[in-house]
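Before any comments, here is the structure.
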Amino acid sequence: MPTRSRLHAALLACLTIALGLASRRFGESLPSFIARYAGDALWATLVYWCLAFMRPRATARSLALGSLTIAFAVEVTQLYHAPWIDAVRATRLGALVLGHGFLWSDLACYGVGVLLAVVIDRPLARGRTG
């Protein structure tokens, strides 16, 4: 059973947050494809690191499935619009966590983001003991 360092997961989560915020802040300086989709992919990557922090002994497969489940569930909730949830989404934090509206392309971005996390995580978790 793999085990990963919570410190690595926390540091990678912080790095992912910084990259995601930078992709939004400096999007006009990036290629349009990256500016448009990087934030969504990195959001799913962040979910992976958060789960890895909470469950350091989980397999990459279970973390990937959990991350995709959470990301897809949050995306589907964007189909629901009520004044109270739209008010939460109107805040900066609410928009970053919950998004605004459902987009099929976001589901693909989440897959790419989780795949990125798995590719980074596997060598870090491999061979570690407690």
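The values are calculated or read from the model by the stated rules, or taken from the named source; none is laboratory data. Just so we're clear, the structure is a prediction, and the values are computed from it rather than from any experiment. Note: ideal-geometry Cβ built from the backbone for every residue, glycine included; neighbour counts use all protein chains shown.
Assorted remarks:
- Residue check for Val76: loosely packed, with under 12 Cβ neighbours inside 10 Å, at pLDDT 95 or above, among the aliphatic types (A, V, I, L, M) and more than 19 Å from Arg36 (Cβ to Cβ): yes
- Counting only residues that are buried (at least 21 other Cβ atoms within 10 Å of the Cβ) and not β-branched (Val, Ile, Thr), segment 1-19 holds 3 of them.
- Checking Leu68 against (1) over 15 Å from the mean Cα position of the chain (by Cα); (2) surrounded by 13 or more Cβ atoms within 10 Å (Cβ to Cβ), the condition it does not meet: (1)
- Inter-residue pairs, beta-carbon under 6 Å, first within 15 Å of Arg126 (Cβ to Cβ) and in segment 49-72, second aromatic (Phe, Trp, Tyr), 6+ apart: Leu63/Tyr48
- Condition check for Ala87 on (1) buried (at least 16 other Cβ atoms within 10 Å of the Cβ); (2) among the hydrophobic types (A, V, I, L, M, F, W, C); (3) farther than 16 Å from Ala13 by Cβ: one failure, at (1).
- Failed criterion for Phe33 (all others in (1) within 18 Å of Ala108 (Cβ to Cβ); (2) surrounded by 14 or more Cβ atoms within 10 Å (Cβ to Cβ); (3) without any contact (Cβ under 8 Å) to a residue 24 or more places away in the chain hold): (2)
- The residues of segment 22-45 that are of a type in the set (A, V, I, L, M) and assigned to a helix (DSSP H, G or I), listed by number, are Ala22, Ile34, Ala35, Ala38, Ala41, Leu42, Ala44.
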